[in-house]
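Below is one structure, written out as structure tokens; the observations come after it.
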Amino acid sequence: MSIKLTFDKQEFEQQITKIRKNWEFDAKFYKDVANVILQDTKKRIKTTKVDPEGVAWKPWAEGTRKAREKKGTAALGLLFDSGALHNSFNYVIKKNGFELVSKSPYMAYLHSGTDHMPARKILGISKEAIADIKKIIELKFGR
């Protein structure tokens, strides 16, 4: 099971009203924006351990904590063990947007939670990423 986060031209039109009416998006624009979101997602997994709104993820269950300590990977923190989840993310540029995708079979369970594990929201756009995307838009289209 996996989750796919999709961004397209219509979503940007609704969210970004400062852009000129007759723009032309190109692959470089989508790539630049997609890369901001990709790096934001990877940073969340590897270092910040917070959801896109900045709320800290719930800690491990006691059994998980003990298992990670025994394995010697507890210091890497939540959702980072071998790096498989972190490295599973990429983006695909489309004609009218892009998709952030994960090849991890368990990403959806981590993101949404299960009956025995709290959700740890991975997908989304942080305030920092929004600020970086605004800069990309300003560079491309002006203020």
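The values are calculated or read from the model by the stated rules, or taken from the named source; none is laboratory data. None of these values were measured; they are calculated from a predicted model. Ideal geometry is used to build each Cβ from the backbone, glycine not excepted, and the neighbour counts take in all protein chains shown.
Rundown of residues vs (1) of a type in the set (A, V, I, L, M); (2) touching a residue at least 40 places away in the same chain (Cβ under 8 Å); (3) assigned to a helix (DSSP H, G or I); (4) over 20 Å from Thr41 (Cα atoms), yes/no style:
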{"position": "Lys121", "(1), (2), (3), (4)": "no, yes, no, no"}
{"position": "Gly124", "(1), (2), (3), (4)": "no, yes, no, no"}
{"position": "Glu128", "(1), (2), (3), (4)": "no, yes, yes, no"}
{"position": "Asp132", "(1), (2), (3), (4)": "no, yes, yes, no"}
{"position": "Lys135", "(1), (2), (3), (4)": "no, no, yes, no"}
{"position": "Glu138", "(1), (2), (3), (4)": "no, no, yes, yes"}
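A quick yes/no check of all residues on (1) in contact with a Leu (Cβ under 9 Å, 6 or more places away or on another chain); (2) closer than 15 Å to Gln39 by Cβ; (3) among the aromatic types (Phe, Trp, Tyr):
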{"site": "Lys94", "(1), (2), (3)": "no, no, no"}
{"site": "Met107", "(1), (2), (3)": "yes, no, no"}
{"site": "Leu123", "(1), (2), (3)": "yes, yes, no"}
{"site": "Ile137", "(1), (2), (3)": "no, no, no"}
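No other residue among Leu38, Leu110 is in a helix (DSSP H, G or I), touching a Lys or Arg at 6+ places or on another chain (Cβ under 9 Å) and not β-branched (Val, Ile, Thr) apart from Leu110. One residue is enough: does the range 104-118 have a residue meeting the conditions in contact with a Gly (Cβ under 9 Å, 6 or more places away or on another chain) and over 29 Å from Ala27 (Cβ atoms)? Among the residues of the range 104-118, not one is in contact with a Gly (Cβ under 9 Å, 6 or more places away or on another chain) and over 29 Å from Ala27 (Cβ atoms), which makes the answer no. Of all residues in the range 107-119, those satisfying the criterion of being touching a residue at least 24 places away in the same chain (Cβ under 8 Å) and either more than 30 Å from Glu62 (Cα to Cα) or hydroxyl-bearing (Ser, Thr, Tyr) (or both) are Tyr109, Ser112. Residues considered: Ala84, Ala67, Ala27, Ala56. Of these, the only one that is modelled with pLDDT under 95, of a type in the set (A, V, I, L, M) and over 15 Å from Ile137 (Cβ atoms) is Ala27.
For the range 46-55, enumerate the residues that are in a loop (DSSP other than H, G, I, E, B), surrounded by 13 or more Cβ atoms within 10 Å (Cβ to Cβ) and not acidic (Asp, Glu). Listed by number, the residues that qualify are Lys49, Pro52. Taken residue by residue, the range 81-88 has at least one member that is of a type outside the set (Val, Ile, Thr), over 22 Å from Glu69 (Cα atoms) and either in contact with a strand residue (DSSP E or B) (Cβ under 7 Å, 6 or more places away or on another chain) or surrounded by 15 or more Cβ atoms within 10 Å (Cβ to Cβ) (or both). What do you reckon, is Lys58 basic (Lys, Arg), touching a residue at least 60 places away in the same chain (Cβ under 8 Å) and part of a loop (DSSP other than H, G, I, E, B)? Taking the combined requirement at face value, the residue satisfies it.
For the range 61-100, enumerate the residues that are in a helix (DSSP H, G or I), in contact (Cβ under 8 Å) with a residue 12 or more places away in the chain and charged (D, E, K, R). The answer is Arg68, and nothing else.
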